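> Just passing along the structure, written as structure tokens.
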Amino acid sequence: MSKKVLLIVGSLRERSFNRTVAEYILKKLEEKGVETVFLDYSKLPFINQDIEFPAPNEVDKIRNEVKNVDALWIVTPEYNGSVPGPLKNFLDWISRPVEKGNFGAPEFVKGKLVAVSGVAGRSEASLVIAEISGLLTRMGLNLLEEKVGLALPTEAFQTGVFNLSDEQKSKLDNEVKLFVEKL
């Protein structure tokens, strides 16, 4: 039975640069026989303890998608050197207790393998990768040691199109290889 991975893109923009990276990762994972799907979390309500129990339907849907995969792969931009709000909201929802009176991350999150990649400007997404790595570790996820941050070339900002260089593809290929070995 093949393994299943959920790809989570930190930018909700349809043609985001990080979506381009995620599509490359998806292709590489599928070449290795790994079933890969994108998570649509755009309709997730803001985290709010007043609506936590019972959880809204969209929250249950997202939690079930996370439950039903073997691993997660987050590909994220850097917003002001930090985690994009929608992505942080998603992570907050999946790390919250599912039942009133329970504390800590739910069992379906603990120990789940997660990879992190990102594309940004000159920082190569290093700030967001560092921040989200700490967050994912505190949530109890099993964080892949290899993390790939890529720099966007100036022309990507001008044209709205990001074409991965051979060197960038090679870095991602190595991350995919290490990830599949851990799956």
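> Which of the numbered conditions does V116 fail, given that it passes all the others? Conditions: (1) part of a helix (DSSP H, G or I); (2) open to solvent by less than 10 Å² (accessible area, probe 1.4 Å).
With respect to (1) part of a helix (DSSP H, G or I); (2) open to solvent by less than 10 Å² (accessible area, probe 1.4 Å), V116 is out only on (1).
> Pick from segment 91-108 the residues that are assigned to a loop (DSSP other than H, G, I, E, B) and either basic (K, R) or touching a strand residue (DSSP E or B) at 6+ places or on another chain (Cβ under 9 Å) (or both): which of them is modelled with the highest pLDDT? First the steps, then the outcome.
Step one: list which residues in segment 91-108 are assigned to a loop (DSSP other than H, G, I, E, B), which gives 96-108.
After this cut, where a residue has to be either basic (K, R) or touching a strand residue (DSSP E or B) at 6+ places or on another chain (Cβ under 9 Å) (or both) as well, the list is 96, 100.
Numbers: R96: 93, K100: 88.
Among those residues, the one meeting the criterion is R96.
> Could you check segment 37-59 and list, in sequence order, the residues that are out of contact with any helix residue (DSSP H, G or I) (no Cβ under 9 Å at 6 or more places or on another chain) and loosely packed, with under 12 Cβ neighbours inside 10 Å?
N48, Q49, D50, N57
> Check V66 against each of (1) outside any loop (DSSP other than H, G, I, E, B); (2) loosely packed, with under 13 Cβ neighbours inside 10 Å and name the one condition it does not meet.
(2)
> Right, another one. What are the residues in segment 13-36 that are at pLDDT 95 or above and touching a helix residue (DSSP H, G or I) at 6+ places or on another chain (Cβ under 8 Å), if any?
Correct list: F17, V21, Y24, I25, K28, L29, K32, V34, T36.
The values are calculated or read from the model by the stated rules, or taken from the named source; none is laboratory data. Remember, predicted model here, so these are calculated numbers, not experimental data. FYI the Cβ positions are ideal-geometry reconstructions off the backbone, even for glycines, and counts take in every protein chain you see. Just so you know, the surface numbers come from the protein's heavy atoms only, side chains and all, with ligands and any DNA or RNA stripped out. Shrake-Rupley method; radii C 1.70, N 1.55, O 1.52, S 1.80 Å.
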